[in-house]
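Written out below as structure tokens is the structure these notes cover.
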Amino acid sequence: MSDDTSYLFYQTRNPRPFLDHGEGIYLFDESGKRYIDGSSGAMVSNIGHSNPRVLAKIKAQMDRATFGYRLHFRTHPSEDLAAKTVSLMPEGLDRVFFVSGGSEAVESAVKLARQHALTQGQGTRYKVISRFPSYHGCTFGALDLTGYDPLREPFAPMMQGMPKIAAPASYLDRDNLSEEQRGLKYAEYLRDKIIEEGPDTVLAFIMEPVGGASTGALVAPDSYYGRIRDICDEFGVLLIYDEVMTGAGRTGKFLAAEHWGITPDIVAMSKGFGAGYAPLGAIVASARLVEPVLDAGGFLHGFTYAGNPMACAAGLAVLEEMEELNLVENAARMGEVLMAQLHGLMVRYPFIGDVRGKGLLTAFEFVSDRETMEPLPPALNAYDRLVELAYARGLIIYSRRTRGGKSGDHFLLAPPLIITEEQIAEMMAILREALDVFATEAGLPVLEARA
């Protein structure tokens with residue numbers, strides 16, 4: 001088949017070269033051109049590409065069995081990965097259900113929450129409050145929780161319409177409150193919404209502890225997290241942490257929840273959990289939630305590939321490699337280096353209005369004016385153009401529109417957790433080249449770096 005013929009379709013017609021191979025933080029196309037994977041794909045490839053020890057362990061499982069349906073057999077890879085996962089969780093999260101991806105994980109978390117409510121005689125609880133903007137997946141249940149207009153609006157008539165509260169974008173606020181006060185203000189939006197909806201109808205609140213694609217590595221003020229936990233406890237609302245992007249070490253802790261000492265009721269994970277070596281995700285909950293559901297006849301839910309032995313062997317190998325290489329600790333250290341570099345960009349590029357994130361989940365946002373945080377004109381398509389300029393120069397970054405999907409431009413830098421300080425410098429040099437070209441094209445100012 002020629003390079004210009006394809007029977008596939010995805011989101012767009014944007015042409016891309018054929019991938020040849022990956023090695024560490026780098027990907028190579030068939031022409032031999034090298035790309036730095038500055039976004040770990042879609043924040044997936046946490047341990048880098050083509051890790052030989054992980055590949056060997058996957059191959060060993062392939063030689064034994066590639067599939068064993070969970071209703072017919074237990075498998076050592078799934079049991080071992082579940083045990084390993086629980087060992088990395090906050091105390092009390094001790095039941096694991098495997099899935100194949102992030103949307104499946106979110107759907108599973110919500111369905112577990114609902115079935116638990118039924119076992120408790122709380123059948124009126126069905127509403128899951130989420131935030132706007134947010135992203136929780138592309139299947140209908142997960143999409144109904146998502147606050148991102150371009151993805152959700154075409155399908156809105158087909159969904160229930162779950163309630164939303166404002167995401168804690170305190171960096172946009174222009175008030176006299178302290179960061180602690182702002183965090184509490186945003187948390188109280190949840191309490192107000194629960195009361196407005198009727199506490200006996202609210203099942204759960206789902207949040208990304210560090211924002212993903214829709215808010216660009218948004219970190220709430222520290223006061224937000226504990227107050228949200230307290231509000232959920234006050235009303236008997238389950239707290240679900242969507243750690244699909246943040247989990248598995250991305251933020252410098254195995255779970256982002258650990259930064260604030262929070263134990264959610266349910267955690268959803270994927271992406272870096274399998275690190276691109278297999279389609280894999282999980283939800284982790286407490287026996288307090290799971291055992292009543294099993295006693296009532298079982299969890300009315302499942303996927304064909306849930307607990308697939310080859311996927312679980314890959315996941316276990318990934319977690320073992322993370323421990324062997326101290327990658328969670330490296331994510332924390334290299335995150336500080338990367339964040340300092342990103343703050344340095346603000347000196348040269350006045351149109352970078354904010355830099356944020358934790359560990360190696362970082363982002364920067366474009367604005368027209370730092371004082372007002374007015375976004376760039378949408379017609380510039382900055383979120384798309386900078387990605388293309390960087391890609392042409394051998395750097396892959398990830399972008400979305402910040403303000404609900406219709407305006408604003410943010411860019412995620414989330415390289416594999418194996419990255420070194422020298423590789424960060426290499427990545428940033430390419431990014432600065434792309435920013436210079438974009439600024440010239442868009443007629444935006446570039447300042448000389450201060451001595």
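The values are calculated or read from the model by the stated rules, or taken from the named source; none is laboratory data. Just so it is clear, the model here is predicted, and its values are computed rather than measured. Methodologically, a virtual Cβ is constructed for each residue, glycine included, from the backbone with ideal geometry; neighbour enumeration extends over all protein chains shown. Note: accessible area is taken over every heavy atom of the protein model, side chains too, but ligands, DNA and RNA are not part of it. Shrake-Rupley method; radii C 1.70, N 1.55, O 1.52, S 1.80 Å.
Just to confirm, what accessible area per residue do you get for the chain at 1.4 Å probe, in whole Å²?
Values: 19550 Å² over 451 residues.
Result: 43 Å² of accessible area for each residue.
Taking Cα pairs under 8 Å and at least six residues apart, what relative contact order does segment 182-328 come out at, in percent?
Numbers: 188 pairs, mean separation 28.2, N = 147.
It rounds to 19 percent for segment 182-328.
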- Message: I want to check the label-to-label distance for LYS33 and ALA65. Put each point 7 Å from Cα in the C-beta direction and report it in nm to one decimal.
- Response: 4.5 nm
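Based on the mean of other beta carbon atoms within 10 Å per residue, what is the order of 157-164, 209-216, most packed first? The partial results should precede the final answer.
Values: 157-164: 13.5, 209-216: 27.2.
Per-residue mean Cβ counts within 10 Å order the peptides as 209-216, 157-164.
Taking segment 1-133, how much of its Cα-Cα pair set, in percent, is spaced more than 27 angstrom apart? Don't skip to the answer; put the middle values down first.
Values: 4235 of 8778 pairs.
For segment 1-133, the share of Cα pairs beyond 27 Å comes to 48 percent.
Need one number for segment 42-82: average projected area of the convex hull over its C-alpha atoms, nm². Present the calculation step by step, with values, prior to reporting the outcome.
Numbers: hull surface 16.2 nm².
The number I arrive at for segment 42-82 is 4.1 nm².
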- Message: Along the Cα→Cβ direction, 7 angstrom out, place labels at ILE195 and GLU179. What is the inter-label distance in nm?
- Response: 2.9 nm
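Using the Kirkwood formula on the Cα atoms of the chain, what hydrodynamic radius do you get, in angstrom to one decimal?
On the way: mean 1/r = 0.0441 Å⁻¹.
Here the Kirkwood hydrodynamic radius works out to 22.7 Å.
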- Item | Over the chain, relative contact order from alpha-carbon pairs under 8 Å, at least 6 apart, % | 22 percent
- Query: Label points 7 Å out from Cα along the Cβ direction at ASN381 and VAL337: separation in nm?
  - Reply: 3.6 nm
- Query: To the nearest 500 deg cm²/dmol, what mean residue ellipticity at 222 nm is calculated for the chain from DSSP H runs of n ≥ 4 alone, each contributing -39,500 (n - 2.57), summed and divided by the residues?
  - Reply: -12000 deg cm²/dmol
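Given a 1.4 Å probe and every protein chain left where it sits, what share in percent of the accessible area of the chain is carbon and sulfur?
Numbers: 10370 of 19550 Å².
C and S atoms contribute 53 percent here.
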- Query: Of all chymotrypsin sites (Phe, Trp or Tyr not before Pro) in segment 1-55, which ones are in loop regions per DSSP and have a Cβ with at most 13 other Cβ atoms within 10 Å?
  - Reply: TYR7, PHE9, TYR10, PHE18
- Please turn the phi angles of segment 360-365 into ³J(HN,Hα) values with the Karplus equation 6.51 cos²θ - 1.76 cosθ + 1.60 (θ = phi - 60°), one per residue in order, whole Hz, x for glycine and proline. 9, 10, 10, 7, 9, 10
- Item | Computed over segment 350-418, Kirkwood Rh from alpha-carbon pairs, angstrom | 12.5 Å
- Query: Tell me, what ³J(HN,Hα) does each residue in segment 47-57 have, in order and in whole Hz, if you take phi through Karplus 6.51 cos²θ - 1.76 cosθ + 1.60 with θ = phi - 60° and put x for Gly and Pro?
  - Reply: 9, x, 9, 6, 5, x, 5, 5, 4, 5, 6
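Out of the GluC sites (Glu not before Pro) in segment 363-451, which ones are loop residues according to DSSP with at most 11 other C-beta atoms within 10 Å?
Filter output for segment 363-451: GLU371, GLU448.
In the structure displayed, which of LYS33/LYS59; LYS127/LYS164; LYS84/LYS253; LYS271/LYS358 lie more than 20 Å apart, Cα to Cα?
Values: LYS33/LYS59 28 Å; LYS127/LYS164 10 Å; LYS84/LYS253 16 Å; LYS271/LYS358 17 Å.
Violating the 20 Å limit, Cα to Cα: LYS33/LYS59.
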- Distribution of pairwise C-alpha distances over segment 13-61, 10 Å bins, in %: 24, 46, 26, 4
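At R0 = 41 Å, how high is the FRET efficiency between HIS76 and ALA156 if r is their beta carbon distance? Nearest 0.05 is fine. Working shown, then result.
On the way: r = 45 Å, r/R0 = 1.09.
Calculated value: 0.40.
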- Using alpha carbon centers only, segment 134-196 is separated from segment 322-346 by a whole-angstrom value of 29 Å
- In µm²/s, what is D for segment 334-448 at 37 °C and 0.692 mPa s, where D = kT/(6 pi eta Rh) by Stokes-Einstein and Rh is the Kirkwood radius from Cα pairs? 232 µm²/s
- Each residue of segment 217-232 in order: what ³J(HN,Hα) in whole Hz does its phi give by Karplus 6.51 cos²θ - 1.76 cosθ + 1.60, θ = phi - 60°, with x for Gly and Pro? 6, 5, 10, 6, x, 3, 5, 5, 5, x, 5, 4, 4, 5, 5, 4
- Which whole-number percentage describes the relative contact order of segment 100-163, with Cα contacts under 8 Å and a sequence gap of 6 or more? 31 percent
- How big is D, in µm² s⁻¹, for segment 123-273 by Stokes-Einstein at 4 °C and 1.567 mPa s if Rh is the Kirkwood radius over C-alpha pairs? 83 µm²/s
- Under-5 Å amide H pairs with GLY147, H placed in peptide plane, nonlocal only: SER134, TYR135, HIS136
